[in-house]
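Student: Sharing a structure below in structure tokens format, with a few things to ask.
The values are calculated or read from the model by the stated rules, or taken from the named source; none is laboratory data. Everything numeric in this text was worked out from a predicted model, so none of it was measured. Every residue, glycine as well, gets a Cβ built from its backbone with ideal geometry; the counts of neighbours run over all protein chains shown.
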Amino acid sequence: MNENLYQLDACNLLCPMPVIETQNRVKELNVGDMLKVTCTDPGVKNDIPAWCRINGHEIISIEEDGRKIIITVQVGAD
Amino acid sequence: MYKAVSLISGGLDSLLATKLIIDQGIHVEGINFYTGFCVEGHTHAIRKKDKKKEKRNNALWVAEELGIKLHIINVIDEYKDVVINPKHGYGQHMNPCLDCKGFMVKKAYEWILENEFDFIITGEVIGQRPMSQRKETMPIIAEESGAGDRLLRPLCAKNLPPTLPELEGWVNRDELKDFSGRSRKPQMALVNFYNIKDYAQPAGGCCFLTDKKYSAKLKDMWQARGSREYELDDIMLLKVGRHIRPSENYKLIIAREEGEVNYLEGYKKQFTHLRILSHHGPLTLIDGDPSEQDLVLAAQIAARYSQGRQAEQVEVEIKTPEFEAKKLTIKPLSAEQIPEKWHV
């Protein structure tokens with residue numbers, strides 16, 4: 001499995017834009033790839049995991065750095 | 001197995017409509033369109049006072065409750081024509097509900113063609129909404145969207161002519177509902193039947209365009225610019241802060257509390273902005289093209305909303321988007337010196 005790490009900046013976007021941006025980026029990636037999404041809307045702590053659960057992707061970590069929330073998603077098989 | 005896509009708003013009706021069809025053995029996936037005007041808990045959560053409210057995207061939550069996939073589609077650009085030129089006009093405020101529903105069903109129809117799904121379901125109920133959910137407007141939505149008889153409204157299907165999924169036997173019409181009117185009792189009965197414990201109850205609907213104050217800000221922006229064009233940032237900023245327009249050529253967007261300050265911070269590279277240096281005070285963005293004299297007045301207004309409002313002198317920093325800064329020392333305006341008509 002080829003596990004590449006990609007970055008997505010979704011800072012200052014409000015829900016559901018960070019989810020949409022994540023969804024669109026994940027579509028371009030391969031199974032096993034990692035996507036690190038940086039956001040500022042606290043709602044992403046619920047929404048990106050929810051989106052991952054219903055679409056078969058995995059949350060690897062959720063970290064906070066000041067106002068920033070960094071969520072790492074591993075792309076699953078759709 | 002036949003496949004349907006369901007327009008999931010995050011509210012109760014689309015949840016129930018989808019559940020009825022899932023229970024008939026249809027493979028259902030959800031679709032949710034983001035127009036930029038959608039009311040979400042998160043938008044309200046900009047404000048710190050709302051921080052304790054649960055922050056969740058209701059459409060995602062509904063999809064997870066139903067165990068279905070949800071496709072969230074950004075339609076911000078395409079939706080502009082619906083808001084700017086609604087064929088069927090506006091509702092009570094700037095809400096183009098009939099055009100909006102037609103647009104969303106049209107997009108869903110395009111989606112089912114691309115993804116080889118068989119039909120579309122919505123949570124519409126005849127008579128529930130004065131503009132888009134009337135017996136005479138329902139065929140308009142089906143026709144203008146192109147979806148025709150591939151559009152099924154499970155909650156009121158028995159009050160409408162049979163659609164293709166019913167005629168072909170993909171779904172059993174007998175198990176669909178005949179809801180009508182504004183009463184929520186039939187929905188509540190179905191909630192109890194399904195033992196659903198939690199669902200969103202958005203007060204005032206799911207769209208900012210149905211909001212009187214928001215609509216007034218949108219009209220003000222269009223009038224001041226002499227154009228109805230807008231970008232996402234424009235319509236997002238209408239949701240945030242205190243908007244004061246002393247003149248056609250500019251307005252102030254003044255953060256009301258810390259959450260809004262944090263949000264407006266993200267726009268400092270796009271807008272001239274004011275910060276109160278000598279006292280605790282809000283961040284203020286200037287939207288438009290103010291003169292030097294206008295900026296002095298803007299500083300006096302912004303200072304009015306700082307803790308220096310009673311002071312003889314307040315120091316204000318003005319920075320351009322290029323971060324060229326200058327400082328002004330001004331006397332704040334009193335509340336009486338800010339005419340009511342300036343408040344948008």
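Student: Give me the residue from the range B:177-208 that is touching a residue at least 24 places away in the same chain (Cβ under 8 Å) and among the aromatic types (Phe, Trp, Tyr) and, out of that set, surrounded by the fewest Cβ atoms within 10 Å (Cβ to Cβ).
Tutor: B:TYR194
Student: Looking at B:ILE31, B:ILE73, which one is modelled with pLDDT of 95 or more and within 9 Å of chain A (Cβ to nearest Cβ)?
Tutor: Result: B:ILE73 is the single residue among B:ILE31, B:ILE73 that is modelled with pLDDT of 95 or more and within 9 Å of chain A (Cβ to nearest Cβ).
Student: Here's something else I'd like to know. Just to check your reading of the model, which residue among B:ILE126, B:ILE140, B:ILE112, B:ILE84 is touching a Cys at 6+ places or on another chain (Cβ under 8 Å) and either in contact (Cβ under 8 Å) with a residue 12 or more places away in the chain or among the acidic types (Asp, Glu) (or both)?
Tutor: Matching residue, one of B:ILE126, B:ILE140, B:ILE112, B:ILE84: B:ILE126.
Student: Sticking with this one: Hey, can you tell me all the residues within the range B:289-315 that are buried (at least 18 other Cβ atoms within 10 Å of the Cβ) and in contact with a helix residue (DSSP H, G or I) (Cβ under 9 Å, 6 or more places away or on another chain)?
Tutor: Result: B:PRO290, B:GLN300, B:ILE301, B:ARG304, B:VAL314.
Student: Could you tell me whether B:HIS93 is in a loop (DSSP other than H, G, I, E, B) and without any contact (Cβ under 8 Å) to a residue 60 or more places away in the chain?
Tutor: Taking the combined requirement at face value, the residue does not satisfy it.
Student: Select from the range B:143-165 the residues that are touching a residue at least 40 places away in the same chain (Cβ under 8 Å), not in a helix (DSSP H, G or I) and not hydroxyl-bearing (Ser, Thr, Tyr) and list them in ascending order.
Tutor: Selection gives B:GLY146, B:ALA147, B:LEU151, B:LEU152, B:ARG153, B:PRO154, B:LEU155.
Student: Something else about it: If I ask for residues that are more than 10 Å from chain B (Cβ to nearest Cβ) and hydroxyl-bearing (Ser, Thr, Tyr), which ones from the range A:39-78 would you list?
Tutor: A:SER61, A:THR72
Student: Right, something else. Quick check on my filter: what residues within the range B:154-176 are among the acidic types (Asp, Glu) and surrounded by 20 or more Cβ atoms within 10 Å (Cβ to Cβ)?
Tutor: B:GLU166
Student: Please go through the range A:5-23 and pick out each residue that is modelled with pLDDT of 95 or more and surrounded by fewer than 17 Cβ atoms within 10 Å (Cβ to Cβ).
Tutor: Once the filter is applied, which keeps residues that are modelled with pLDDT of 95 or more and surrounded by fewer than 17 Cβ atoms within 10 Å (Cβ to Cβ), the range A:5-23 yields A:LEU5, A:TYR6, A:GLN7, A:ASP9.
Student: With respect to A:CYS52, is the statement that it is assigned to a loop (DSSP other than H, G, I, E, B), free of Cβ contacts under 8 Å to residues at least 40 places away in the same chain and under 18 Å from B:ASN58 (Cβ atoms) true?
Tutor: It is false that A:CYS52 is assigned to a loop (DSSP other than H, G, I, E, B), free of Cβ contacts under 8 Å to residues at least 40 places away in the same chain and under 18 Å from B:ASN58 (Cβ atoms).
Student: Among the candidates B:GLU229, B:GLU257, B:GLU248, single out the residue that is in contact (Cβ under 8 Å) with a residue 60 or more places away in the chain, touching a helix residue (DSSP H, G or I) at 6+ places or on another chain (Cβ under 6 Å) and either closer than 30 Å to A:ASP9 by Cα or in the same structural domain as B:LEU297 (by TED's automatic domain parsing) (or both).
Tutor: Exactly one of B:GLU229, B:GLU257, B:GLU248 is in contact (Cβ under 8 Å) with a residue 60 or more places away in the chain, touching a helix residue (DSSP H, G or I) at 6+ places or on another chain (Cβ under 6 Å) and either closer than 30 Å to A:ASP9 by Cα or in the same structural domain as B:LEU297 (by TED's automatic domain parsing) (or both), namely B:GLU257.
Student: Would you be able to say whether some residue in the range B:287-301 is within 30 Å of B:VAL83 (Cβ to Cβ) and part of a loop (DSSP other than H, G, I, E, B)?
Tutor: yes
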